[in-house]
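The values are calculated or read from the model by the stated rules, or taken from the named source; none is laboratory data. Keep in mind that what you see is a predicted model, and the values were worked out from it rather than measured. In this analysis, Cβ positions are derived from the backbone assuming ideal geometry, glycine residues included, and neighbour counts consider all displayed protein chains.
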Amino acid sequence: MGRLRFLTAGESHGIGLTGILEGMPAGLPLSEEEVNYDLERRQGGYGRGGRMKIEKDRIEFRSGVRWGETLGGPITLWVANDDWVNWRTKMSPRAEDRDPAIVVSRPRPGHADLAGVLKYDREDIRDILERSSARETTVRVAIGAVCRKFLAAFGIDILSHVIRLGEITAPSAPMDVNLAEWRARVEASPVRCAEPEASERMVKHIDEVVREKDTLGGILEVIVTGLPMGLGSHVQWDRKLDSRIAAAVLSVQAMKGVEFGIGFAATAQRGSKTHDEIAYEQGRFRRLTNNAGGLEGGMTDGMPLVVRVAKKPISTVRKGLQSVDLKTREAAQSTYQRSDVTAVPAAGVILEAVIAFVLADAMIEKFGGDSLRETKRNFDQYLEQLKTARAFEGAPTGEGQDAF
């Protein structure tokens with residue numbers, strides 16, 4: 001069966017960003033407005049910098065969509081950089097536009113600058129920072145929005161929220177969370193925090209850090225409901241769904257840690273208090289807790305998927321950090337370029353996107369199909385199969401009919 005894959009291209013201050021998504025079944029209803037909604041969410045959040053005031057990110061489908069439906073071929077997504085007008089010469093592909101006077105030679109600690117400029121044998125750090133910039137996630141959010149629409153066709157919903165911003169914390173979502181209600185609270189918050197008091201304190205904390213010319217990181221929680229049991233596999237390392245999700249979220253710029261369910265907290269308690277006990281009541285299996293975060297043995301277990309991701313503070317600090325000028329080898333303050341104080345709220349939208357891609361890929365891997373109708377038919381048949389699984393052979397008549 002086919003698998004989803006994507007590529008992105010473009011620089012932060014180049015003419016624009018391109019994404020190509022291959023493997024999406026035909027017949028998925030899709031509009032530019034639906035994708036633009038997530039692009040707008042990515043640009044929001046208290047603590048963002050001046051770049052978000054310049055860019056008005058809007059998607060343009062350049063292949064793979066006709067008359068509001070996917071065609072089954074590669075989907076090309078294009079987002080123009082409005083700031084390009086100010087960078088035509090600085091980012092020109094023409095050799096005659098080279099200008100040694102604008103070379104960036106002071107690497108920023110915490111960024112790809114130093115390792116990249118040495119690895120790729122460049123003299124100008126801009127050759128590295130333009131591609132390593134989180135601006136690249138714009139088109140990844142667009143790709144994720146397509147995957148989110150695909151997942152919604154199967155009743156799968158996904159939402160992120162901030163549970164830590166710098167020194168301020170907020171509670172995780174409850175096990176029985178209603179994502180529709182939670183979403184209203186999250187999207188109403190300027191920092192995408194569901195707890196109003198914590199949200200207010202986070203805003204004040206950002207204001208303090210602005211005055212200190214510093215930056216903030218945080219922790220995001222992503223919740224996915226409606227997943228069927230059995231996505232992913234235990235049989236090979238690269239088919240385990242938790243490893244695939246972990247790789248995806250850590251590929252996002254500035255993400256430094258990931259956990260599922262209670263994650264690291266499980267190391268401080270005994271197994272009898274950690275593992276999710278199983279009950280069978282009224283013809284249905286259920287878990288008494290969700291400490292595993294919806295994954296066991298590399299597979300979804302039917303509970304909500306819960307992923308938490310740690311984002312480090314932004315590397316571009318206004319007050320500067322100690323560095324070395326590559327031209328002189330002398331000590332110097334790191335380069336400062338227009339940046340955010342924090343992008344933690346926006347990072348949640350990006351994480352939703354990359355997790356949506358992994359889950360859509362797992363769904364297509366499991367259920368296949370060249371069209372959405374075929375994939376849904378395979379999905380429905382699988383759910384019926386679960387009700388009559390061989391594990392139920394010998395069970396009382398009717399057992400298992402509503403088990404999943």
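Restricted to the stretch 87-107, and to residues there that are touching a residue at least 60 places away in the same chain (Cβ under 8 Å) and among the basic types (Lys, Arg), the residue that is nearest to Ile15 (Cα to Cα) is Lys90.
Pairs linking a residue in the stretch 2-21 that is in contact (Cβ under 8 Å) with a residue 24 or more places away in the chain and surrounded by fewer than 20 Cβ atoms within 10 Å (Cβ to Cβ) to a residue that is aromatic (Phe, Trp, Tyr) and in a strand (DSSP E or B), with Cβ atoms under 9 Å and 6 or more positions apart or on different chains, are Gly16/Trp78; Thr18/Trp78; Ile20/Phe6. Within the stretch 114-127, being without any contact (Cβ under 8 Å) to a residue 40 or more places away in the chain and assigned to a helix (DSSP H, G or I) holds for Leu114, Ala115, Gly116, Leu118, Lys119, Arg126, Asp127.
Residue count for the stretch 71-93, restricted to those that are within 20 Å of Leu39 (Cβ to Cβ), part of a helix (DSSP H, G or I) and polar (S, T, N, Q): 0. Condition test on Ala310, is it closer than 25 Å to Leu165 by Cβ, touching a residue at least 24 places away in the same chain (Cβ under 8 Å) and not in a loop (DSSP other than H, G, I, E, B)? Yes, satisfied. If I filter the stretch 250-266 for residues that are among the aromatic types (Phe, Trp, Tyr), at pLDDT below 95 and touching a Lys or Arg at 6+ places or on another chain (Cβ under 9 Å), do I get at least one hit? Looking through the stretch 250-266, none of the residues is among the aromatic types (Phe, Trp, Tyr), at pLDDT below 95 and touching a Lys or Arg at 6+ places or on another chain (Cβ under 9 Å).
Candidates are the residues of the stretch 302-332 that are out of contact with any Gly (no Cβ under 6 Å at 6 or more places or on another chain) and within 27 Å of Ser272 (Cα to Cα); the one that is surrounded by the fewest Cβ atoms within 10 Å (Cβ to Cβ) is Gly302. Residues in the stretch 136-152 that are more than 15 Å from Glu60 (Cα to Cα) and of a type in the set (Lys, Arg): Arg148, Lys149.
When Ala142 is tested against (1) over 20 Å from Ala347 (Cβ atoms); (2) at pLDDT 95 or above; (3) surrounded by 12 or more Cβ atoms within 10 Å (Cβ to Cβ), only condition (1) is not met. Of the residues making up the stretch 313-336, those that are aliphatic (A, V, I, L, M), in a loop (DSSP other than H, G, I, E, B) and over 30 Å from His161 (Cβ atoms) are Leu321, Leu326. The residue list Glu130, Glu136, Glu96 contains one member that is part of a helix (DSSP H, G or I), under 21 Å from Arg318 (Cα atoms) and either out of contact with any Cys (no Cβ under 9 Å at 6 or more places or on another chain) or small (Gly, Ala, Ser) (or both), which is Glu130. Inside the stretch 341-368, residues that are surrounded by fewer than 20 Cβ atoms within 10 Å (Cβ to Cβ) and either charged (D, E, K, R) or in a helix (DSSP H, G or I) (or both) make up a count of 2.
With respect to the conditions (1) over 24 Å from Ser315 (Cβ atoms); (2) among the β-branched types (Val, Ile, Thr); (3) assigned to a loop (DSSP other than H, G, I, E, B), Val104 lacks only one, and its number is (1).
Please pick out the residue among Arg98, Arg122, Arg185 that is surrounded by 13 or more Cβ atoms within 10 Å (Cβ to Cβ), farther than 17 Å from Ala347 by Cα and over 25 Å from the mean Cα position of the chain (by Cα).
Arg122
Only one entry of Val306, Val354, Val317, Val341 meets the criterion of being farther than 22 Å from Asp38 by Cα and either out of contact with any strand residue (DSSP E or B) (no Cβ under 6 Å at 6 or more places or on another chain) or modelled with pLDDT of 95 or more (or both), and that entry is Val317.
Consider the stretch 211-243 and keep the residues that are among the charged types (D, E, K, R) and crowded, with 19+ Cβ neighbours inside 10 Å. The one that is farthest from Arg183 (Cα to Cα) is Asp242.
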